[in-house]
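Taking it in order: structure first as structure tokens, then the write-up.
Please treat every number below as a calculation from the coordinates, not as lab data. None of the values given here were measured: they were computed from a predicted structure. In this analysis, Cβ positions are derived from the backbone assuming ideal geometry, glycine residues included, and neighbour counts consider all displayed protein chains.
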Amino acid sequence: MKRKPKLAVWKFASCDGCQLSLLDCEDELLAIAGEMEIAYFLEASRATAEGPYDLSLVEGSVTTPHDADRIREVRRMSKTLVTIGACATAGGIQTLRNFKDVNDFVSLVYAEPRYIDTLAQSTPISSHVKVDFELQGCPINKLQLVEVLSAFLFGRKPNVPPHSVCIECKLKGVVCVMVAHGTPCLGPVTHAGCGALCPSYNRGCFGCYGPKETPNTASLAQWLAGTGVTDDEIMRVFRTFNGWSEPFRKESEAHERR
């Protein structure tokens, strides 16, 4: 009898939303369980099996020295490692601390700062170990996750569309919020996957799915400035869930007051 590949799901600094996306697959999850042994997934079960693992899904960013050591151990035990979600692929919303001195926040938030052992920055998994594929999103699209798992089982590259949220707006017949209302929107530079959720409700895209391939952030920032958006506001537009991703980080820094 052919051995089922072992799947492990790991959590680092995150909200658990991307792991819940896997549980939300429901019927698809039953099919996945039929093809793979879910060997380690504490969000779903306390029962675990020892590695090595054929595929590891990693949610969350690295924020502590312990996490930095642990992700290297996860990488050692995993034949294929896929990061899922904005925290794992770009450091997450917690990277807002990266633009300041983290010690300033620690002293304000915690009554006993001396007990806090944290790194200076929150960083994506790829800053510490080799990553075989990154699935963006905050949270991830469950159907894109199923596609990644299917691609792994069949030994092919995942087919995740590289286009922007603007294409999703066009496919849904959503009126452009920037053109119609002058609303700041990251849709032109953000990876598709949400189904144009925010523009569908007349709100600008917050960049939850991270930068698309070859995003022209400078052009978008110039357009926003032409509509009266200030440098400080442009900086804040790019500093959200994927603010530490290189394209968004560089554009936000270009508009930061010195």
Completion exercise
Quick note on H66, H255, ordering by fewest other C-beta atoms within 10 Å, gives H66, H255
Handout entry: Amide H within-cut-off set for T80, under 5 Å, with H built and near neighbours excluded
Key = L55, S56
Practice task
Divide by every residue of the chain the summed helix terms, -39500 (n - 2.57) for each DSSP H run of at least 4, and state the resulting mean residue ellipticity at 222 nm, rounded to the nearest 500 deg cm²/dmol.
Solution key: -10000 deg cm²/dmol
Problem - Estimated FRET transfer efficiency when R0 is 30 angstrom, pair L143-T183 (beta carbons, to 0.05) - result: 0.65
Completion exercise
Amide H neighbours of F41 at under 5 Å, excluding residues fewer than 5 places away on the same chain, with H built from the backbone geometry, are V9
Completion exercise
Lys and Arg at +1, Asp and Glu at -1: neighbours of A13 with Cβ under 10 Å from its Cβ sum to -1
Completion exercise
Taking GluC sites (Glu not before Pro) as exposed when in a DSSP loop with at most 16 other Cβ atoms inside 10 Å, the chain has its longest clean stretch at 51-212
Practice task
List the trypsin sites (Lys or Arg not before Pro) within region 200-256 that fall in a DSSP loop (any state other than H, G, I, E or B) and whose Cβ has at most 15 other Cβ atoms within 10 Å.
Solution key: R203
Handout entry: A120/K250 FRET efficiency (R0 25 Å; Cβ-Cβ; nearest 0.05)
Key = 0.80
Handout entry: lysines whose Cα lies under 24 Å from that of K142, excluding same-chain neighbours fewer than 8 positions away
Key = K4, K6, K11, K79, K130, K157, K170, K172, K212
Completion exercise
Length gained if D101 through K130 is fully extended, taking 0.36 nm per residue and subtracting the Cα-Cα distance, is 7.7 nm
Exercise for the section: Return the sequence-ordered ³J(HN,Hα) values of region 155-167 in whole Hz as given by the Karplus equation 6.51 cos²θ - 1.76 cosθ + 1.60 applied to θ = phi - 60°, using x for Gly and Pro. Expected result: x, 10, 7, x, 9, 10, x, x, 6, 8, 4, 4, 5
